[in-house]
1. Sort out which residues of the range 615-628 are crowded, with 22+ Cβ neighbours inside 10 Å and either at pLDDT 90 or above or in a strand (DSSP E or B) (or both), and write them in order of number.
2. Given the condition among the hydroxyl-bearing types (Ser, Thr, Tyr) and buried (at least 21 other Cβ atoms within 10 Å of the Cβ), answer yes or no: does some residue in the range 597-606 qualify?
3. Ala139 versus (1) at pLDDT 80 or above; (2) farther than 14 Å from Val164 by Cα; (3) not aromatic (Phe, Trp, Tyr): which is the lone unmet condition?
4. Just the residues that are among the basic types (Lys, Arg) and under 24 Å from Ala264 (Cβ atoms), please, taken from the range 192-226.
5. Do you know which residues across the range 667-702 are open to solvent by 80 Å² or more (accessible area, probe 1.4 Å), out of contact with any Lys or Arg (no Cβ under 8 Å at 6 or more places or on another chain) and not in a helix (DSSP H, G or I)?
6. Taking the condition of being surrounded by 12 or more Cβ atoms within 10 Å (Cβ to Cβ) and at pLDDT below 70, how many residues in the range 166-210 meet it?
7. Determine which member of the set Arg624, Arg617, Arg600, Arg696 is within 21 Å of Glu522 (Cβ to Cβ) and charged (D, E, K, R).
8. Assigned to a loop (DSSP other than H, G, I, E, B), of a type outside the set (Ser, Thr, Tyr), open to solvent by less than 50 Å² (accessible area, probe 1.4 Å) and in contact (Cβ under 8 Å) with a residue 60 or more places away in the chain: does that describe Gly657?
Amino acid sequence: MPPDLLEAQPSAAPPIAECLHCRAPVPPGQGEFCCAGCATVHEILRAQGLDQGYYRVLARSEGEAVPARPSDRTYAELDEASFAARHVRRVEVGRREAATTALYLEGVHCAACVWLVERLPRVLPGVLEARLDLGRQVATVTWDPAVVALSEVARRLDGFGYPVHPHRAGAAREARRREDRAALSRIALAGAIAGNVMLLSFALYGGAFSGMEARFEAFFRWGCLLLTVPSYLGPGRVFLKGALGALRARALHMDLPIAIGLTAGTVGGVWNTVAGSGEVYFDAVAVLIFLLLAGRWLERRAHRRASDAAELLAALAPTSARLVRGDEVREVPIEALAPGDLVEVRAGDALPVDGAVEAGASDLDLSLLTGESAPQPVAPGQRVHAGTLNLTARLVVKVTEAGEATRVGRLARLVEEHAARRAPIVRVADRLAGRFVAVVLLLAVATVAAWWAVDPKLALDHAVALLVVACPCALGLATPLAVSVAVGRAARGGIVVKGGDVLERLSRPGRMWLDKTGTLTEGRARLLEFRGHEAVRPALLALQAHSAHPLARGFREAWPDLAPAALDGPVARGRAGLEGRVGGADLRVGAPAWVLEVARAPSWIEPFVEAQVALARTPVLVARDGDVVAAASFGDRLRPDARAAVDRLVARGWQVGILSGDHPDVVRAAGQALGLLPDECLGGLSPEEKAALVERSRREGPVVMVGDGVNDAAALAAATVGVGVHGGAEAALGAADVFVTRPGVAPVADLLGRADRALTTIRRNLGLSLAYNVVGAALAVGGVITPWMAALLMPLSSLTVIFSSTRQGGDA
């Protein structure tokens, strides 16, 4: 490079300084810290004597630089009695009465954070223990309320740079974690004992071939006994309790043959050890307990992954939110939110919480909860709900409920409660498993009798192997697991099934009635023609303002700039329309037949109605003080996928028809476009008439009613299976067995495919489990497999069923 160019090169930039606390780059001229938060936390650590240890651990960690963000909150709400009743447990530490709670901490990200949080008892008197789960960002704190308040604990953690929030994990999930910890402890203890028993047994095996002095043989026998009996009475107690419960309930549970096998091996080994002769079975019993516990753990983990109800909530609402604190907006998990917090919801985002609009105005898609496909405007002060979609503009929402307390959270809980309903085929499988246990017990007695003459040791070995390998665990999993997988996957696809029995009821074709408006059609009826007195329009809008029906919305959308008149009284919802008093006159608006029951019509009304029906439009009449003064017609297009979905239903063997409150000719025209017979398309029906028709249809076989869940609630409840599609959530949840969060009939066709696959999977699972048990029992009776081989094979059968269940197809 030429010298002149070398001289023109700029001098090297000075090295960028790192923040003394978080190691993030420090802007030039700002000093030693990247922000005031880091400076505050550094000073607190230095004052408490924690700075050297914290930064030493931080230097070894590989966590990303995260600036500290103390919030300066008082956390007075944590000292409220209502908070303590919901989130705090009383415990005893030594002889001191203490309290414990779980707190979600923002900003924890590395091992240094764990080190710092767990040093809390050293710097704050009254804190007895602090443990941080880094993966979940949850600190479990135990403290003495007589010495320090929880708000002070939270302020100290906040001062470290970890703002604190209540942890709403739910009692069920906390109980599950405690159960899991206990199960893992049992497995660890059983494994340790089994390993040591096997080491002692190897010595006995060697002595059997090369000889061993009696005193050493007795030593190893008694050593195995002293290790195995605690395993039998400790970790193995799970199977003993299950068997005892089955005997008390006079039921044959799958733990019964396992308990008998373990007891036979343990008692036989103890007897022979005391007698000083014969075989001991301690190695087989100890290994058996360990393998059975491990196998049960694997089954439970796989089962939970397939059927965890938390998936339902995750499928319906976001798991994080943008928390607004002053001018700062940051992403936090839902668990970090509390009532009164402000969250930002940008256009295109789903609302993460239930609350009230604090600032901004936008349009929301409420279809998840209300089935309303048309955007609904919201303004400050209006209630909004988690899972609804913000369409047009930024909103700031004040939180009232978050997570499991929201409407979608209650929906998930409702599904979880109903999921315990057992389908008939599940009950059949349970009875089959009970009978199979009885057969296995009888077969074990026969095995002992047959092999006793050959070798008593072999008789006991083969009987234990039979009792273990023929445990009908896979048979018990075959049906509920397949149903759980199907329900969970349906939820992720926007189809919420309230119980496993629903799938079986849907697997047998029968009669299916479909509502028209909003189900087969787009539900966006547009005003195509209006004839009559223009002066009646404000009065008409006054009635329609109180209705969520698509036709009412069509009136409002057609005249957006027209102010409605004032009502003189309440609006009454009639059989096929609305009526009320406006401007001193009685007004009735609705289907022609219903309006003409009380009103006189001019000569042009009849041809007008006939012409609109011929065009597959919906006619509406307006009567004032007993005279028809106006008529309107609406068009509601069929959904683009309606014909294909109906064809799929018919191809599956369902007799499809339409039940609607619309004019019969309009309903028949829609049915004709869908390829349905005119006699199967019934219009002009009231909700009571729909329910009566469904009841009559049930006498001939299974009936599925698909409707919007509001005016079809009675028919949904009367059907064999009610499917709430694109309708009001409260009515749908109360009356329907299935709640579809997507519009149209296509999800119903998907649901039928899922039901068929679930039943196919159940039959396959039953076949696999029965085949396994028959083959395994034959091998055990024939002396081919030993008890420890049986213990290995038993969980493999259950894992096979789990794999089969999770291999259900995705789409219809």
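1. Restricting attention to the range 615-628, the residues satisfying the condition of being crowded, with 22+ Cβ neighbours inside 10 Å are 617-624.
Hits for the range 615-628 are Thr618, Pro619, Val620, Leu621, Val622, Ala623, Arg624.
2. The first filter runs over the range 597-606 and keeps only residues among the hydroxyl-bearing types (Ser, Thr, Tyr), leaving 603.
With buried (at least 21 other Cβ atoms within 10 Å of the Cβ) added as a condition, the list becomes none.
Looking for residues that are among the hydroxyl-bearing types (Ser, Thr, Tyr) and buried (at least 21 other Cβ atoms within 10 Å of the Cβ), one finds none in the range 597-606, hence no.
3. (2)
4. To start, the set of residues in the range 192-226 that are among the basic types (Lys, Arg) comprises 215, 221.
Within the range 192-226, Arg221 is the sole residue that qualifies.
5. Residues satisfying the conditions are Leu677, Arg699.
6. Selection size over the range 166-210: 7.
7. Working: Arg624 fails: within 21 Å of Glu522 (Cβ to Cβ); Arg600 fails: within 21 Å of Glu522 (Cβ to Cβ); Arg696 fails: within 21 Å of Glu522 (Cβ to Cβ).
Only one candidate qualifies: Arg617.
8. Values: assigned to a loop (DSSP other than H, G, I, E, B): no; of a type outside the set (Ser, Thr, Tyr): yes; open to solvent by less than 50 Å² (accessible area, probe 1.4 Å): yes; in contact (Cβ under 8 Å) with a residue 60 or more places away in the chain: yes.
No; evaluated as a whole, the condition is false for this residue.
The values are calculated or read from the model by the stated rules, or taken from the named source; none is laboratory data. All of these numbers come straight from a predicted model, not from anything done at the bench. Please note: Cβ atoms are built from the backbone with ideal geometry, for glycine as well, and neighbour counts cover all protein chains shown. The area values use the complete protein model at the heavy-atom level, side chains included, leaving out ligands, DNA and RNA. Shrake-Rupley method; radii C 1.70, N 1.55, O 1.52, S 1.80 Å.
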